[in-house]
Each structure stands twice: as C-alpha cells, then as structure tokens.
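Since the structure comes first, as structure tokens, the remarks are kept for the end.
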Amino acid sequence: MIKTIAIGVWACVVALGSAYVAATRQSGTPVEIAMATPREMTLEGVEYRRPGAITVPMISDGRLRGYVVAKVVFTAAAQDLHDFPFDPQPFVIDEAFRRIYTDGKIEFDQMSKYNLDEITEGIKFNVNARLGMDLIHDVLIDELNYVDRESLRQPGPQTAAAH
C-alpha cells in the first residue's frame with residue numbers, strides 16, 4: 001500500500017517537473033504565475049455583463065401569441081464601466097425588450113431567419129445614444145427562444161379512480 005502511494009507521488013512530481021522544464025525551455029524564461037485579484041483582472045480590459053433573461057410578449061392581431069425569452073450579453077471597457085456613475089444594465093435590458101417587442105419583423109409563429117446583427121447593433125446604438133457616450137462596445141445574443149402560448153397551458157388535475 002505504501003509503495004503504491006509513493007509511486008503515485010513520484011509520478012506526480014515527475015510530471016510537474018517535466019511540464020515546468022518544457023515551459024521554461026520553450027519560452028527561454030522562467031514561468032511566472034501572476035496572482036491578481038478579480039478586480040484587477042476585470043479592470044485591465046473588456047468586461048462582459050450578463051443581465052437576467054427578459055420575457056417579451058408577442059402580440060399580433062390583438063391576441064397574445066406567445067413569449068420570446070431572450071438573454072443578452074454586453075461588453076464594455078472595464079475602466080469605463082467602473083467610472084460610469086450608474087449601472088448601464090437596465091438600459092440594455094430595456095432596449096432589448098423594446099427592440100424585440102416593437103420590431104414588426106419578429107414574428108415567431110412564422111419561423112424564418114432574422115438579422116441578428118441588425119437587432120444587436122440597434123440595441124448598442126440606442127443604449128449609447130441614451131447614455132450620451134459610447135460605453136457599450138458590443139451586444140451579443142446569449143439565448144433567444146420562443147414559447148407558444150398553447151404550450152404553456154397545463155392540463156387540469158387528474159382524478160384518481162376509486163377502487
């Protein structure tokens with residue numbers, strides 16, 4: 001039992017040592033691991049924000065047809081987000097909701113392809129216009145689902161037969 005544990009430890013040491021030697025020979029310099037706090041890492045570049053999902057009712061001909069469930073992700077320079085006086089996330093959510101709700105081209109009961117670039121660029125442009133600066137770099141579609149109203153109906157309670 002002790003021999004098995006010793007062999008396992010020896011194998012781990014050899015594997016780690018060979019990985020270290022291979023990394024230092026390939027780069028020519030010793031490997032250094034930078035220890036940064038999460039705050040320092042996000043302030044150096046682009047930050048991704050993931051607001052919660054939005055549920056947009058789809059209404060046509062005066063009737064509720066279903067719901068679009070969408071998740072968007074937006075990017076911005078981390079330093080700009082840190083310096084901005086308030087969180088831009090509600091503006092992105094609002095603009096995504098408005099874009100999906102009022103865009104007459106989005107009719108999920110008539111499935112076809114949509115220009116997602118046009119939708120995301122419109123969200124980005126309108127949010128930046130409302131904020132008065134180019135804060136948002138990009139808007140990405142994380143999820144876009146359609147739920148038909150009929151599929152939301154739950155069957156009634158089943159009655160148990162008496163024996």
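Just so you know, all these numbers are worked out from the coordinates, no wet-lab data involved. What you see is a predicted model, and the numbers here were worked out from it, not measured in a lab. Every residue, glycine as well, gets a Cβ built from its backbone with ideal geometry; the counts of neighbours run over all protein chains shown.
Would you order Phe74, Phe86 from fewest to most other beta-carbon atoms within 10 Å of each residue's own beta-carbon?
Phe86, Phe74
For the charge dipole of segment 45-150, defined by +1 on Lys and Arg C-beta atoms and -1 on Asp and Glu C-beta atoms about the Cα centroid, which residue among Ile93, Phe125, Leu64 has the Cα displaced farthest towards the positive pole?
Positive-most Cα among the choices belongs to Leu64.
Neighbour counts of other C-beta atoms within 10 Å: give me Asp103, Asp80 arranged from fewest to most.
The fewest-first ordering by Cβ neighbours comes to Asp103, Asp80.
How do Ile93, Ile2 line up, fewest other C-beta atoms within 10 Å first?
Ile2, Ile93
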